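First comes the structure, then the notes that go with it.
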Amino acid sequence: MAEPDHLVRCAREALATLDTHFSMSLGCPPSDLRRAGWHVVVARSDVDPMALLFGRRQLLQLVSPLADTSGAPRGGVAVVSPQLRVPLSLHLREWRPEALFTPDGLLALDAMIRHNAAADLFPLETAHQRQWYTHAGAFKPYLGQWLDWIEPLDDAQEMDPAALRLLARFGAGVFVIRDEEAAIKSFAGLRSQSPHVWEITAAAESSPDEGLARAVIARATKAVLATKRLPLYSHAARDQSSAPVISGLGYHCYGDTLTCSATA
């Protein structure tokens, strides 16, 4: 059954917003994300906030949206450090976006980077993230048993150290569920990533089957949509439990990202 025209239009607008959001961080036109194959951008070595703040230099950043329904080949952008430009460009000729984000593709990429640039990489399996989005017409609110347990944190009244740490991490707001001893069992935090996109990060100490993660993510999503912004949720691609939780709230997968770094 075909979707109504207004939902199709909202989905297209959401994808265009995310393309612009990611292209701004990559330093390329949004259209490069949708061109077939990889488009390689060489990063400036003198402008690396990770090196300044954390003592690590960024070697590679990949963003690849899923292919659209037209059947066109999948595209993506790779922002690479100057020392990796030649070997990475050659490597990506053999590994198209749909092949690179597989276990074999990540192993081959890991081996290439370790051989040419660094041995102290964080595992690429953990760096591989899946990005999800929704919009007002697609969002499915949570109506389960935890609805009345969700509360927003207030930095003016909060005394719990764990809650204060969450407020320090997430400047746009935090929603939590506490147990009977007032310990936080689940949270969803918001960060303003750009004027039009807010990122949601969530964690639950218990099983997702209890609905804890779904409940706080839904509340955070509702808060983002109320500001007329687009919610963006990411999780490690290897985390098989997150996809059904997030898709059950009406989220759609945007694509894959990967960022790797080494000691500066």
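Scan region 44-71 for residues that are at pLDDT 75 or above and part of a loop (DSSP other than H, G, I, E, B) and the total you get is 3.
The single residue among ALA213, ALA220 that is in contact with a Gly (Cβ under 9 Å, 6 or more places away or on another chain) and among the small types (Gly, Ala, Ser) turns out to be ALA220. Taken over region 94-109, residues that are open to solvent by 70 Å² or more (accessible area, probe 1.4 Å) and without any contact (Cβ under 8 Å) to a residue 40 or more places away in the chain amount to 5.
Count of region 249-264 residues, restricted to those that are modelled with pLDDT of 95 or more and not aromatic (Phe, Trp, Tyr), is 8.
Residues checked against (1) under 20 Å from the mean Cα position of the chain (by Cα); (2) open to solvent by less than 60 Å² (accessible area, probe 1.4 Å):
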position: PHE122; (1), (2): yes, no
position: ARG130; (1), (2): yes, no
position: HIS135; (1), (2): yes, yes
position: PHE139; (1), (2): yes, yes
position: LEU143; (1), (2): no, no
position: ILE150; (1), (2): no, yes
position: ALA156; (1), (2): no, no
position: ARG165; (1), (2): no, no
position: GLY173; (1), (2): yes, yes
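Going by the structure shown, is ILE177 more than 26 Å from VAL224 (Cβ to Cβ), in contact with a Leu (Cβ under 8 Å, 6 or more places away or on another chain) and not in a loop (DSSP other than H, G, I, E, B)? Taking the combined requirement at face value, the residue does not satisfy it. Annotation note: Cβ proximity below 7 Å between a residue of region 143-171 that is over 29 Å from GLY248 (Cα atoms) and a residue that is open to solvent by less than 80 Å² (accessible area, probe 1.4 Å) and assigned to a helix (DSSP H, G or I) (sequence gap 6+ or interchain) occurs for ASP155/LEU167; GLU158/LEU164; GLU158/LEU167.
Output yes when any residue across region 162-169 is under 22 Å from ARG130 (Cα atoms) and out of contact with any helix residue (DSSP H, G or I) (no Cβ under 7 Å at 6 or more places or on another chain), and no when none is. For region 162-169, residues under 22 Å from ARG130 (Cα atoms) and out of contact with any helix residue (DSSP H, G or I) (no Cβ under 7 Å at 6 or more places or on another chain): present. Selection within region 1-29: residues that are open to solvent by 50 Å² or more (accessible area, probe 1.4 Å) and touching a Ser or Thr at 6+ places or on another chain (Cβ under 7 Å). The member of this set that is nearest to GLN58 (Cα to Cα) is MET24. Considering the conditions (1) open to solvent by 40 Å² or more (accessible area, probe 1.4 Å); (2) within 24 Å of the chain's Cα centre (by Cα); (3) within 14 Å of GLN61 (Cα to Cα), PRO82 is excluded by exactly one of them, (2).
The values are calculated or read from the model by the stated rules, or taken from the named source; none is laboratory data. As the structure is a computational prediction, the values presented were derived from the model and not from experiment. Neighbour counts are summed over all protein chains in view; Cβ atoms, including those assigned to glycine, are modelled from backbone coordinates with ideal geometry. SASA here: full protein model, heavy atoms, side chains in, ligands and nucleic acids out. Shrake-Rupley method; radii C 1.70, N 1.55, O 1.52, S 1.80 Å.
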